[in-house]
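Report on the following structure.
The values are calculated or read from the model by the stated rules, or taken from the named source; none is laboratory data. The shown structure was predicted, so the numbers you read here are calculated from the model rather than taken from an experiment. Neighbour counts run over all protein chains shown; Cβ positions are idealised from the backbone, glycine included.
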Amino acid sequence: MFELQNILRENIKNLIPYSSARNEFNGEASVFLDANENSFGSPLTENYNRYPDPLQTAIKQKLSLIKGVPVKNIFLGNGSDEAIDILFRAFCRPGMDNVITVPPTYGMYEVSANINDVENRKVKLTAAFQLDMERIAETIDENTRIIFICSPNNPTGNSIDRNDIQTLLANFNGIVVVDEAYINYSRQKTFIQELTEFANLVVLQTLSKAWGLAGLRVGMAFASEEIIEVFNKVNAPYNISQASQQLVLRALENIDQVNEWIKQTVQERENLTLQLSLLDFVQNIYPSDANFLLVKTSDPVFIYQALVKQGIIVRNRSTVELCEGCLRITVGTPEENEILIHAMKSLNWR
Ligand SMILES: *Cc1c(COP(=O)(O)O)cnc(C)c1O
């Protein structure tokens, strides 16, 4: 049985978190002399002289309506990457515990494991880019704390079989992270409605992709109230700046625009798939539930460099295991995609 207290590090269990001025008093008042801010103002037309809401309650209330998840089950981080790092710091004893990742996948899980001196046990995806459930089961031991699943997966673009993820959630006594950075482009259902069923589920989403706010650095974690409390204990106080909070609040009003872009991106993804499939150096275009395509070519380095010369940058993934020969191409605007296809057609003589 999953029991959060069994995997929480002792130092975090016993941690008395930093208590900020905004934590100790957050009611209505007219004279704030409790946080050593500059009471005169800031040298900007907008006032940034006050510390922001450490819990970003206004944003969470809006997200709660959009996502159908209670405020108490939401954590906001300085990108999803902050949430990933906090998971290591709260649940993995350095030099002792281990996590499982399933490459090829998002690189940050491994970097964060290395920074925190936590062993990363890699269980390769199958040739169909799905979980190797048998090998995962063999790899889990009593010190395995977290399994990271990215679905839709970066860089392969496919969704991971929902039944397999559910099997892990039901049987693994550690935390299962489902990173849904690209969920908005997928026809697959999100896992955030399953929080009440699985106490060991952490769903990551982000404002960096479909929401078009990569520059603001805001990621979301959805989990049980107990896990969110751990996040709030371990995170840096005031981790989301006032400027970011204000801009996110405004952006969340424009959900119609975002949904329109998602529709267009999916359309363009299909169009780009068709156009690329006509090129004779393209050997395979993997089905994608994300806003990028993994494209297997006969000469990835030549194509990559030829595109760079024309000012077009894609991601060369050809040295990644199971992605041999592959370029990862983000779906652009119709104009950008046309420029890409035109440039690639000019290489087609090879
Ligand atoms: C882009 C991406 C993220 C987003 O990270 P942020 O820190 O929120 O910008 C998270 N996970 C995956 C798999 C991604 O590709």
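Listing for the model above:
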| read-out | value |
| --- | --- |
| Unique match (being within 15 Å of the ligand (Cβ to nearest atom), modelled with pLDDT of 95 or more, closer than 21 Å to A214 by Cα and of a type in the set (V, I, T)) among I59, I66 | I59 |
| Hits in the stretch 13-57 (condition: acidic (D, E) and exposed (fewer than 15 other Cβ atoms within 10 Å of the Cβ)) | E24, E28, D34, E46 |
| Unique match (being in contact with a helix residue (DSSP H, G or I) (Cβ under 7 Å, 6 or more places away or on another chain) and assigned by TED's automatic domain parsing to the domain that holds L204) among V248, V282, V266 | V248 |
| So A128, is it surrounded by fewer than 16 Cβ atoms within 10 Å (Cβ to Cβ) and either of a type outside the set (D, E) or at pLDDT below 95 (or both) | yes |
| Answer from I74, I84 - the residue that is within 22 Å of D53 (Cβ to Cβ) and touching a residue at least 12 places away in the same chain (Cβ under 8 Å) | I74 |
| Pair list, Cβ < 6 Å and 6+ apart or interchain, from the stretch 111-138 residues that are more than 14 Å from F88 (Cα to Cα) to residues that are charged (D, E, K, R) | V123/D132; V123/R135; T126/D132; Q130/D161; L131/D164; M133/D164 |
| Matching residues in the stretch 322-350 - criterion: being at pLDDT 95 or above and among the charged types (D, E, K, R) | E324, R328, E335, E336, E338 |
| Flag for A251 being at pLDDT below 95 and either under 30 Å from T156 (Cα atoms) or within 19 Å of the chain's Cα centre (by Cα) (or both) | no |
| Tally, over the stretch 154-183, of residues that are within 12 Å of the chain's Cα centre (by Cα) and either assigned by TED's automatic domain parsing to the domain that holds D289 or farther than 20 Å from R135 by Cα (or both) | 6 |
| Residue in the stretch 90-101 that is within 15 Å of the ligand (Cβ to nearest atom) and either touching a Ser or Thr at 6+ places or on another chain (Cβ under 6 Å) or part of a helix (DSSP H, G or I) (or both) present | no |
| Criterion violated by L278 - all others in (1) crowded, with 17+ Cβ neighbours inside 10 Å; (2) hydrophobic (A, V, I, L, M, F, W, C); (3) in contact with a Lys or Arg (Cβ under 9 Å, 6 or more places away or on another chain) satisfied | (1) |
| Filter result for the condition that a residue is aromatic (F, W, Y), surrounded by 15 or more Cβ atoms within 10 Å (Cβ to Cβ) and under 24 Å from F292 (Cα atoms), over F198, F172, F148 | F148 |
| Residue list for the stretch 78-89, restricted to those being part of a helix (DSSP H, G or I) and of a type outside the set (D, E, K, R) | S80, A83, I84, I86, L87, F88 |
| Candidate set from the stretch 314-350 (those that are polar (S, T, N, Q) and assigned to a loop (DSSP other than H, G, I, E, B)); member that is nearest to V266 (Cα to Cα) | T333 |
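Residue by residue, here is whether (1) in contact (Cβ under 8 Å) with a residue 12 or more places away in the chain; (2) in the same structural domain as G107 (by TED's automatic domain parsing); (3) crowded, with 16+ Cβ neighbours inside 10 Å holds:
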site: Q310; (1), (2), (3): yes, no, no
site: I313; (1), (2), (3): no, no, no
site: R317; (1), (2), (3): yes, no, yes
site: G332; (1), (2), (3): yes, no, yes
site: L340; (1), (2), (3): yes, no, yes
